[in-house]
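Enquirer: Following this message is one structure expressed as structure tokens.
Just so you know, all these numbers are worked out from the coordinates, no wet-lab data involved. Since the structure is predicted, the reported quantities are computational estimates derived from the model, not experimental observations. Heads up, the Cβs are rebuilt from the backbone with ideal geometry, glycines too, and the neighbour counts pull from every protein chain shown.
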Amino acid sequence: MKPVTKSDKIIIQTKKIVPVVKKLRKQGKKIVLTQGSFDMVHIGHGRYCAEAKKRGDVLIVGVDGDKKVQKRKGPNRPIVPEEERLEMMMHLSAVDYVVLKKLNMPKYNLINLIKPDVLVATNETYNLEQIKYLETICGEVVVLKPMATTSTSAKIRLLQIGAAKEITKTLSKKFIKVMEEMIEELKNGDG
């Protein structure tokens, strides 16, 4: 099988999705759109995309660029660079196209360009007022619950907590040893 190239299914310049969507509409395809960071792709992402794809014929995934992720999630994110996240999403069988979402894109830009038949989001993405507005652009807005026990952010926090505990344990042992040596020196008059 031929490897996926950027020109095939990975769209770096957002506006290049427009002719793809026009072609799909002419073919009578029902278009589903979802969006996110998709940092450290895990089983929840795979399940989520599979569930989104059930709502139509073609699944387009908007993937947040590195600067957009940093603005939303902090300076140490994303863990995986955008090029790899874009490519990784194409390895999920449910995903047909991925589109890079850069930091400077206007709010709802990709949604307005695609005007999907179905927009799929998580329950943390939009509030009720935003959903009502988006329903004027999209045929339908579907809100899905998380599909995994933990999110990427939660997994990163667990790794950080584990590392902090190990560092604390190691430093505590060394600190106690240094203090014991200092006390021994003072007792012996070596200090």
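Enquirer: Give the long-range amide H neighbours of VAL99: residues separated by 5 or more places, or on another chain, with amide H under 5 Å away, using H modelled in the peptide plane at 1.01 Å from N.
Expert: So VAL99 has HN proximity to ILE11, VAL61, GLY62, VAL63.
Enquirer: With θ set to phi - 60° and the Karplus curve 6.51 cos²θ - 1.76 cosθ + 1.60, what are the ³J(HN,Hα) couplings of the range 47-59 in order, to the nearest whole Hz, using x for Gly and Pro?
Expert: With coefficients 6.51, -1.76 and 1.60, one gets 5, 4, 5, 4, 5, 5, 4, 4, 8, x, 9, 10, 10 Hz.
Enquirer: If we sort 182-189, 130-137 on the protection proxy, mean other Cβ atoms within 10 Å, highest first, what's the order? Don't skip to the end; give the middle numbers.
Expert: Values: 182-189: 9.8, 130-137: 13.2.
Answer by packing, highest mean first, reads 130-137, 182-189.
Enquirer: Shape of the range 10-149 from its Cα gyration tensor (a ≥ b ≥ c, root eigenvalues): rounded if a/c is under 1.5, otherwise prolate when a/b > b/c, or oblate? Show your work: numbers first, answer last.
Expert: On the way: a/c = 1.31, a/b = 1.26, b/c = 1.04.
Since a/c stays below 1.5, the shape of the range 10-149 is classed as rounded.
Enquirer: Test of understanding: what is the full-extension gain from LYS23 to LYS71, defined as 0.36 nm times their sequence separation minus their Cα-Cα distance? Kindly include the intermediate steps, with their values, before the conclusion.
Expert: Values: separation 48, 0.36 × 48 = 17.28 nm, distance 3.40 nm.
In short, 13.9 nm is gained.
Enquirer: If you take the charge dipole of the range 10-149 about its Cα centre, with +1 on Lys and Arg Cβ and -1 on Asp and Glu Cβ, which of MET90, VAL118, CYS49 is farthest toward its positive end?
Expert: The Cα lying farthest towards the positive end belongs to VAL118.
Enquirer: Between beta-carbons, use under 11 Å as the cut-off and find the net charge around GLU84, counting Lys and Arg +1, Asp and Glu -1. The partial results should precede the final answer.
Expert: On the way: positive: ARG85; negative: ASP39, ASP66, GLU82, GLU83, GLU87.
Overall, the nearby charge balance is -4.
Enquirer: Can you tell me how the range 17-67 classifies by the Cα gyration tensor, rounded, prolate or oblate, using a/c under 1.5 as the rounded cut? Mind showing how you got there, number by number?
Expert: Working: a/c = 4.24, a/b = 1.52, b/c = 2.79.
In terms of gyration-tensor shape, oblate.
Enquirer: Amide H neighbours of LEU144 under 5 Å, counting only residues 5+ apart in sequence or on other chains, H built in-plane at 1.01 Å?
Expert: ALA121, THR122, ASN123
Enquirer: Please list, in order, the residues from the range 89-105 whose amide nitrogen is less than 14 Å from a point placed 7 Å along the Cα→Cβ vector of ILE137.
Expert: Within reach of a label on ILE137, which here means backbone N under 14 Å from a point 7 Å along Cα→Cβ, the range 89-105 contributes 101-102, 105.
Enquirer: Sticking with this structure for a sec: Show me 13-26, 70-83, 41-54 ranked by packing, highest mean number of other Cβ atoms within 10 Å first.
Expert: Details: 13-26: 13.4, 70-83: 14.9, 41-54: 17.9.
Packing proxy ranking, top to bottom: 41-54, 70-83, 13-26.
Enquirer: Could you run the Karplus curve 6.51 cos²θ - 1.76 cosθ + 1.60 with θ = phi - 60° over the range 90-97 and give me ³J(HN,Hα) per residue in whole Hz, x for Gly and Pro?
Expert: Residue by residue, the range 90-97 yields 5, 7, 7, 4, 6, 8, 9, 9 Hz.
Enquirer: Distance in nm between label sites at TYR108 and ILE12, each 7 Å beyond Cα in the beta-carbon direction?
Expert: 3.0
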